[in-house]
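The values are calculated or read from the model by the stated rules, or taken from the named source; none is laboratory data. Owing to the predicted nature of the structure, the values given are computational and were not obtained by experimental measurement. Glycine gets a Cβ as well: all are built from the backbone with ideal geometry, and neighbour counts include every protein chain shown. These area figures cover heavy atoms from the full protein model, side chains too; ligands, DNA and RNA do not enter into them. Shrake-Rupley method; radii C 1.70, N 1.55, O 1.52, S 1.80 Å.
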Amino acid sequence: MAIETHGALWTFVVDVEADEVDVNPAGLLKLAALLDRHRIPASWTFTAHPGSRALRLLLGRVPGADLLLHGDPSWLPPHADRTHFASALEQRLAVLRKLGKHPSGLRLTAHELSEHLDLLVRHKLRWIVRDGGKHRRSTDGDLQLQHGRFGIWRATASWHWPQSGSWAAPFGGWADRQRLAKTVTSSRATVVSIDLAKMVRVPRQWPSLEELLRKVVRWRARGKLRVESLAGVTLVLRPPRRTPMRSILKPAA
């Protein structure tokens, strides 16, 4: 079921610790600085390993960063039983608690958690993030309500960086502008996935990404586009309840 977002909305998901590759500190700080320069929030994906230097590096640069747990096979095999999943999830959450953080959800690849959704609810994980494929096009947007009973939403990326090379690369900027304009005018929700390791290996894509961010900022400044991390999207979809205040004109009961 598509989620009503009341206008065009974009959210960025950055895969930092993916595919068990070493994180390039310079690349991580470069991307963090680029997003911060344009005041664009993002959700950053980590395996939350106790020895993760990249996680501490990011939080040193962006203390309020929204985090996602990456379902790496090293701790979440494709067919994880309930006991293993519950134990491994608690271990990862404990690492983040020591840093004063709590993730918004899980970034999955080929895993299915339909039998363990109550564990996500117990730990207040509201998002299941997936890769929709390089050529996915969704007419309903990339944000879907997966399990209304549990309050679990699904974010499926339809836009990926770095972009794959092709003969049409010289026209990539024009195509990006047209695609961005279409998502804005159709009021669709869009999830953009950035693979940090691949961006570092393809440095020629950095200027194109920054140009896209500039255009996103222009649409936002015109009031046509909203940009949020997944944590921010959660607040947009389900605003926190306000605690009623007792009037000072009435005596306490």
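For the range 215-236, which positions are free of Cβ contacts under 8 Å to residues at least 12 places away in the same chain and either among the hydrophobic types (A, V, I, L, M, F, W, C) or touching a Ser or Thr at 6+ places or on another chain (Cβ under 7 Å) (or both)? Answer for the range 215-236, where residues must be free of Cβ contacts under 8 Å to residues at least 12 places away in the same chain and either among the hydrophobic types (A, V, I, L, M, F, W, C) or touching a Ser or Thr at 6+ places or on another chain (Cβ under 7 Å) (or both): ALA221, LEU235.
For ALA253, state whether it is at pLDDT 90 or above and among the aliphatic types (A, V, I, L, M). No: the conditions fail for ALA253.
For the range 85-106, what are the residues that are open to solvent by less than 10 Å² (accessible area, probe 1.4 Å) and not in a helix (DSSP H, G or I)? Break it down into steps so the answer makes sense when it comes.
First, the residues of the range 85-106 that are open to solvent by less than 10 Å² (accessible area, probe 1.4 Å): 85, 88-89, 93, 96, 103, 105-106.
Scanning the range 85-106 gives PRO103, GLY105, LEU106.
Filtering the range 69-84 to residues that are surrounded by 13 or more Cβ atoms within 10 Å (Cβ to Cβ) and modelled with pLDDT of 85 or more leaves LEU69, HIS70.
For ALA54, only one of the following conditions fails: (1) without any contact (Cβ under 8 Å) to a residue 24 or more places away in the chain; (2) of a type in the set (Gly, Ala, Ser); (3) in a helix (DSSP H, G or I). What is its number? So the condition that ALA54 fails would be (1).
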